[in-house]
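A.B. asks: Here it is, the structure, as structure tokens.
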Amino acid sequence: MKHLLPVIGALLALLCAGSRAADYSPESLAIHRPPAPNEQGLVVTFMGTTTALISDGETSLLTDGYFSRVKFDRKAEGGGLVRPDMAAITAGMAALAIDKLAAVLVLHSHFDHAMDAPVVAALTGADLVGSESTANVGRGLELPEKQIRVVAPGDALRYGKFVVHFYRGKHWPLPEPLASAMLGNSIDAPLKPPARIDAYKEGITWTILLEHPSGNLLIQGSAGYLPGALAGVKADAILLGTGGLGDLPRAEQEAYYREIVSTTGARAVYPVHWDVMSTPLSKPLVPDSDFRRSMAFLDEMKAHTGVTFHLLPKAEKVLLLPLEKKTAL
Ligand SMILES: [Zn+2]
């Protein structure tokens, strides 16, 4: 019996490891911290992929505003024809309780970031902000030119108490043939939907910093990095794109974490772009194929660095950066 003890111990350890891995579910990783009455700060409401409403009670900004959640048709040429789904957009905006919106910040010009953004801008009067490619998505939907703001790397825009900084970033390395069709290129003329999915070319992929009296929130939509691009940038919390992170080689995962999280000194990470992007928003978000590997990696980094990570539940207000403390959760 005695000599069996180490074996039993090892089996137990394996079982525990197994049950620990099973904890990587959206429910167990979710954070719930609705602002209490009179509590001020940055409140974030997440709506799948990289869509998040960020508000300080006076000014609201929206990243991407992607609600149509179209299906990518791998057999169809160019991924198939897609267009904004008005019913899905209005339902999504209602779920986020969007009334006044200052700007839609478009992280890059792929369909799952830029396609619906001009519709949201048109419905709210908000600025559509992004690269020239994003501007051409807006022009294709006849958004008035006065609502379109094209930014360049290094630019900063002020909205209320927010200063929005734009840094050139890098997109996650798509597999071929998508990479050739959709990375390192731009939309050079107004794009009128319905359009092929691969007509929504990358434009510039941004890393955006929201500087605010409550603290600095960095928004990184895609799991890619340009070495040194964020040198000197300080963030308290990060909306971190983890789509495809779990599929990257380990050295690339570590470099991404170092360049985006460690460099900026952020103490709290909130993964975004972790869900299957075609699931309708009327249904619960479904974790993408690499989700567990991405979360396990972030968990490992947490053990090394103390940087926490939580998921933002769909359509729930979360007080991310309280005004008084200036610290992340
Ligand atoms: Zn993309």
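The values are calculated or read from the model by the stated rules, or taken from the named source; none is laboratory data. Computed from a predicted model, the values in this text were never measured in an experiment. As a convention, Cβ positions derive from the backbone with ideal geometry for all residues, glycine included, and neighbour counts pool all protein chains shown.
A.B. asks: Among the residues of segment 137-154, are any touching a residue at least 60 places away in the same chain (Cβ under 8 Å) and either farther than 22 Å from residue 67 by Cβ or within 16 Å of the ligand (Cβ to nearest atom) (or both)?
C.D. replies: Yes, there is a match, as at least one residue in segment 137-154 is touching a residue at least 60 places away in the same chain (Cβ under 8 Å) and either farther than 22 Å from residue 67 by Cβ or within 16 Å of the ligand (Cβ to nearest atom) (or both).
A.B. asks: Moving to a separate point now. Just the residues that are of a type in the set (D, E, K, R) and either within 18 Å of residue 283 (Cα to Cα) or at pLDDT 95 or above (or both), please, taken from segment 22-59.
C.D. replies: Correct list: 27, 33, 56, 58.
A.B. asks: Further question on the same structure: Of all residues in segment 221-240, which are in contact (Cβ under 8 Å) with a residue 40 or more places away in the chain and either more than 18 Å from the chain's Cα centre (by Cα) or away from the ligand (no atom under 16 Å from the Cβ) (or both)?
C.D. replies: Correct list: 229, 230, 233, 236, 237.
A.B. asks: How many residues does segment 130-140 hold that are surrounded by fewer than 24 Cβ atoms within 10 Å (Cβ to Cβ) and within 10 Å of residue 117 (Cα to Cα)?
C.D. replies: 0
A.B. asks: Could you check segment 209-275 for strands (runs of 3 or more DSSP E) lying wholly inside it with 2 or more residues that are crowded, with 23+ Cβ neighbours inside 10 Å and among the β-branched types (Val, Ile, Thr)?
C.D. replies: Result: 268-272.
A.B. asks: Looking at (1) within 13 Å of the ligand (Cβ to nearest atom); (2) of a type in the set (Phe, Trp, Tyr); (3) part of a strand (DSSP E or B), which one does residue 166 not meet, given that it meets all the others?
C.D. replies: Exception for residue 166: condition (1).
A.B. asks: In segment 42-92, what residues are over 20 Å from residue 134 (Cα atoms) and part of a helix (DSSP H, G or I)?
C.D. replies: 77, 87, 88, 90, 91, 92
A.B. asks: Working only within segment 91-121, note down all residues that are touching a strand residue (DSSP E or B) at 6+ places or on another chain (Cβ under 9 Å), over 21 Å from residue 57 (Cβ atoms) and away from the ligand (no atom under 16 Å from the Cβ).
C.D. replies: 118, 121
A.B. asks: In addition: Being part of a loop (DSSP other than H, G, I, E, B), under 18 Å from residue 76 (Cβ atoms) and either within 13 Å of the ligand (Cβ to nearest atom) or touching a His at 6+ places or on another chain (Cβ under 7 Å) (or both) is the filter here, so list the residues in segment 173-197 that pass it.
C.D. replies: 174, 175
A.B. asks: What are the pairs, 6+ residues apart or on separate chains, where a residue within segment 198-209 that is more than 8 Å from residue 185 (Cα to Cα) has its Cβ under 9 Å from a residue that is among the charged types (D, E, K, R) and in a loop (DSSP other than H, G, I, E, B)?
C.D. replies: 205/170; 207/170; 209/234
A.B. asks: Using the structure shown, decide if residue 137 is closer than 25 Å to residue 281 by Cα, among the β-branched types (Val, Ile, Thr), at pLDDT 95 or above and touching a Lys or Arg at 6+ places or on another chain (Cβ under 7 Å).
C.D. replies: No; evaluated as a whole, the condition is false for this residue.
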